[in-house]
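One structure is given below, encoded as structure tokens.
The values are calculated or read from the model by the stated rules, or taken from the named source; none is laboratory data. Nothing here was measured: the structure is a model prediction, and the numbers come from that model. Neighbour counts are summed over all protein chains in view; Cβ atoms, including those assigned to glycine, are modelled from backbone coordinates with ideal geometry.
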Protein chains: 2
Amino acid sequence: MRFLSETESAALVTEELAYDAVRAALVAAVDPASTTFPALPAHGSLPHNRFTMKSASAHDVAGVKIGSYWPDNTDIPRHNSTILLIDQETGRIAAVVEAGTVNAYRTAAADAVAADTLARQDATTLTVFGTGHQARYECTAVARIRPIDTVHVVARTPAHGADMVEHLAAKGLKATVTPAEEAVRAADIVVTATTARSPLFDAAWVRPGTHLASMGSDARGKQELPPALLATAALFCDLPAQSTTIGEFQHALARPVTALGDVLAGRAPGRHDDDTVTVFDSSGIALQDLYVATALLALSRT
Amino acid sequence: MRFLSETESAALVTEELAYDAVRAALVAAVDPASTTFPALPAHGSLPHNRFTMKSASAHDVAGVKIGSYWPDNTDIPRHNSTILLIDQETGRIAAVVEAGTVNAYRTAAADAVAADTLARQDATTLTVFGTGHQARYECTAVARIRPIDTVHVVARTPAHGADMVEHLAAKGLKATVTPAEEAVRAADIVVTATTARSPLFDAAWVRPGTHLASMGSDARGKQELPPALLATAALFCDLPAQSTTIGEFQHALARPVTALGDVLAGRAPGRHDDDTVTVFDSSGIALQDLYVATALLALSRT
């Protein structure tokens, strides 16, 4: 069994590696030979400490990602991830990859692939809701694939906002803390990376041509986007079955939802024109983790 | 993260260790502070290669057992198991224990604990259906807790039966290949360890006072025991919710089923008298795996 520690995987992962692996996974996810099994939520000795098993198989890989959320953690991350690959020849565990940092890259890469596929080519203004760990990865991943020159940070507290602006500046991104309405009205791309369970903004603020991505943590009850937006925008996600049960599209059940993999594979249209409002919901699928882990293991051999 | 390889765990495990850990797990499984999460079946790139995630938490442990079944394996085991323990302080994976051989001990230990709790003290004759890997572990585990002087092996082919008799002789057990009816009529304890999906024998052959254990692999459709037996015997299992959905007691839905842990904890009666026919269905619960892994890790430190 091969093992990559958190330190090793965090040192190996890059935005490029995550982007390529996640893109391949999104295409593989819509292959009829692939299966994404239902996410299984569980919990620790204390029921508020939660872990979820997400498993999948494709023609070339099968395995499990165990994601944990220990809300009482203070000096260490609350979220952790471990990816297990199963040897398809023997059925034994082929590799264990600790993937806490990797998971942040993986999640942001899904957003980047979606924005690269769906956002206007001339998108320069990014608005992000949320100031947490994940929100920061989202900004740099999106800035890699579009000529972002302004980031509007919508923060629940000025201190959190200022801290994030400083962080983004260190990454070379010009950012400001901006009120929600002004930030949404100015945005070419809106990313929500919060734990919200009710809409974060008004659909009327969204201008034509905007691309929006809901990246927040998934659970029944998840809601970051306004229903009026979901009622009119073109809807895309990683895995429709999952997005409509634990993702944002719980609130858009009557609308057609397109798998991003079908757009990537050329089987479904993406953005219609420069005025289309596109929404991508990322619920996170195990094939992304399995492909990223496979890429990390290949890289660690070189 | 700690790691015990298949070689290490197989060298450390003993029938005593498995018995003690499984007994503690059966008691913990009925503690209101414990949760056994639904078993999640998945499959590999080839759909006939299957793996299942079984997860649980108790006051002192939480984690997952990934059990795989690769039917095309020939020179290596078809069944494999890997146990993951989650650090309850941090949510990170604390340990990975490869547990292929350990799983056979764990399964047999559940049978042994049940027989020790439910079988007559003077049980000397053991009948076993099945000649596979698991059937062999069952015989030695039961012989450890009762004064077994005769083992009747019911085999689908004489060659398989002869091979198993030879194996048991090497373990110090006097065994013979015996036809099903004669073997059941003579038995104090009957163990079924097959993949049957229809009854293996006639309920009328079972004499008063017999203890029976169904250890075969679980799935919807599993059936090793005759319905007439399930309609009259006292029924026990590791986890009623699981046993009535994927275990033997799918076929005994209207009857009361007692968790063995409640008997072990003194909260429920076991055998009523020397004429009671007792049936134990082992569907296998993750807490058994987690407790066995914990014991192995403690032993490996010494």
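One residue stands out among those in the range A:169-198 that are among the polar types (S, T, N, Q) and assigned to a strand (DSSP E or B): the one that is farthest from the chain's Cα centre (by Cα), which is A:Thr176. Given the options B:Ala187, B:Ala170, name the one that is more than 24 Å from B:Gln121 (Cα to Cα) and either of a type outside the set (D, E, K, R) or outside the structural domain of B:Glu248 (by TED's automatic domain parsing) (or both). Of B:Ala187, B:Ala170, the one residue that is more than 24 Å from B:Gln121 (Cα to Cα) and either of a type outside the set (D, E, K, R) or outside the structural domain of B:Glu248 (by TED's automatic domain parsing) (or both) is B:Ala170. Here B:Ala104 fulfils each of the conditions (1) in a strand (DSSP E or B); (2) under 27 Å from A:Arg2 (Cα atoms); (3) away from every other protein chain (no Cβ under 14 Å) apart from (1). Considering every residue within the range A:103-123, establish whether at least one is surrounded by fewer than 17 Cβ atoms within 10 Å (Cβ to Cβ) and farther than 28 Å from A:Ser300 by Cα. Yes - at least one qualifying residue is present in the range A:103-123. Scan the range A:44-60 for residues that are more than 7 Å from every other protein chain (Cβ to nearest Cβ) and either touching a helix residue (DSSP H, G or I) at 6+ places or on another chain (Cβ under 7 Å) or at positive phi (or both) and jot them down. Those that are more than 7 Å from every other protein chain (Cβ to nearest Cβ) and either touching a helix residue (DSSP H, G or I) at 6+ places or on another chain (Cβ under 7 Å) or at positive phi (or both): A:Lys54, A:Ala56.
Output the number of residues of the range A:46-57 satisfying the condition of being in a strand (DSSP E or B) and surrounded by fewer than 24 Cβ atoms within 10 Å (Cβ to Cβ). Residues in the range A:46-57 being in a strand (DSSP E or B) and surrounded by fewer than 24 Cβ atoms within 10 Å (Cβ to Cβ): 2 in total. Can you spot a residue in the range A:241-257 that is closer than 27 Å to A:Ala58 by Cα, touching a Pro at 6+ places or on another chain (Cβ under 7 Å) and surrounded by fewer than 24 Cβ atoms within 10 Å (Cβ to Cβ)? Within the range A:241-257 (the criterion being closer than 27 Å to A:Ala58 by Cα, touching a Pro at 6+ places or on another chain (Cβ under 7 Å) and surrounded by fewer than 24 Cβ atoms within 10 Å (Cβ to Cβ)), the answer is yes, since at least one residue qualifies. Here B:Asp275 does not fit the description of being touching a Gly at 6+ places or on another chain (Cβ under 8 Å), within 27 Å of B:Leu85 (Cβ to Cβ) and either without any contact (Cβ under 8 Å) to a residue 24 or more places away in the chain or not hydrophobic (A, V, I, L, M, F, W, C) (or both). Does the range A:114-127 include one or more residues that are in a loop (DSSP other than H, G, I, E, B) and among the charged types (D, E, K, R)? Checking the range A:114-127: at least one residue is in a loop (DSSP other than H, G, I, E, B) and among the charged types (D, E, K, R).
Filtering B:Pro41, B:Pro71 for residues that are more than 14 Å from B:Leu287 (Cα to Cα), in a strand (DSSP E or B) and out of contact with any Gly (no Cβ under 9 Å at 6 or more places or on another chain) leaves a single hit, B:Pro41.
Restricting attention to the range A:230-249 and to residues that are closer than 17 Å to A:Ala193 by Cβ and assigned to a loop (DSSP other than H, G, I, E, B), the residue that is modelled with the lowest pLDDT turns out to be A:Ile246. The one condition from (1) in contact with a helix residue (DSSP H, G or I) (Cβ under 7 Å, 6 or more places away or on another chain); (2) at pLDDT 95 or above; (3) closer than 18 Å to B:Gly161 by Cα; (4) among the small types (Gly, Ala, Ser) that B:Ala193 does not meet is (2). Does B:Leu200 satisfy the criteria of being closer than 22 Å to B:Phe37 by Cα, in the same structural domain as B:Thr127 (by TED's automatic domain parsing) and crowded, with 19+ Cβ neighbours inside 10 Å? Here the answer is no, as B:Leu200 does not meet what is asked. The residue list B:Ala123, B:Ala112, B:Ala99 contains one member that is over 20 Å from B:Arg185 (Cα atoms), modelled with pLDDT of 95 or more and away from chain A (no Cβ under 14 Å), which is B:Ala112.
Scanning the range B:250-276 for residues that are of a type in the set (Val, Ile, Thr), part of a strand (DSSP E or B) and modelled with pLDDT of 95 or more returns a single hit, B:Thr258.
Would you be able to say whether some residue in the range A:277-299 is assigned to a strand (DSSP E or B) and among the polar types (S, T, N, Q)?
Scanning the range A:277-299, I find at least one residue that is assigned to a strand (DSSP E or B) and among the polar types (S, T, N, Q), so the answer is yes.
Among the residues of the range B:1-28, none is identified as modelled with pLDDT under 95 and in a helix (DSSP H, G or I).
Among the residues of the range B:62-76, those identified as buried (at least 20 other Cβ atoms within 10 Å of the Cβ) and more than 7 Å from every other protein chain (Cβ to nearest Cβ) are B:Gly63, B:Lys65, B:Gly67.
Filtered by the rule that a residue be under 17 Å from B:Lys65 (Cα atoms) and of a type in the set (A, V, I, L, M, F, W, C), the range B:1-12 gives B:Met1, B:Phe3, B:Leu4, B:Ala10.
Can you tell which of A:Ala114, A:Ala99 is touching a strand residue (DSSP E or B) at 6+ places or on another chain (Cβ under 6 Å), closer than 27 Å to B:Gln88 by Cβ and small (Gly, Ala, Ser)?
A:Ala99
Sub-6 Å Cβ pairs linking a first residue in the range A:17-43 that is away from chain B (no Cβ under 11 Å) and surrounded by 24 or more Cβ atoms within 10 Å (Cβ to Cβ) to a second residue that is of a type in the set (S, T, N, Q) and part of a helix (DSSP H, G or I), at least 6 apart or interchain, are A:Val22/A:Gln288; A:Ala25/A:Gln288, ordered by first then second residue.
Quick test for you: out of A:Arg156, A:Arg207, pick the one residue that is surrounded by fewer than 22 Cβ atoms within 10 Å (Cβ to Cβ), closer than 30 Å to A:Thr52 by Cα and over 15 Å from the mean Cα position of the chain (by Cα). If you could, list the steps in order and put the result at the bottom.
Numbers: A:Arg207 fails: closer than 30 Å to A:Thr52 by Cα.
Being surrounded by fewer than 22 Cβ atoms within 10 Å (Cβ to Cβ), closer than 30 Å to A:Thr52 by Cα and over 15 Å from the mean Cα position of the chain (by Cα) holds for just one of A:Arg156, A:Arg207, which is A:Arg156.
Which of the residues spanning the range B:49-65 are aliphatic (A, V, I, L, M) and free of Cβ contacts under 8 Å to residues at least 60 places away in the same chain? Once the filter is applied, which keeps residues that are aliphatic (A, V, I, L, M) and free of Cβ contacts under 8 Å to residues at least 60 places away in the same chain, the range B:49-65 yields only B:Met53. Scanning the range A:74-101 for residues that are assigned to a strand (DSSP E or B) and touching a His at 6+ places or on another chain (Cβ under 8 Å) yields one hit, A:His79.
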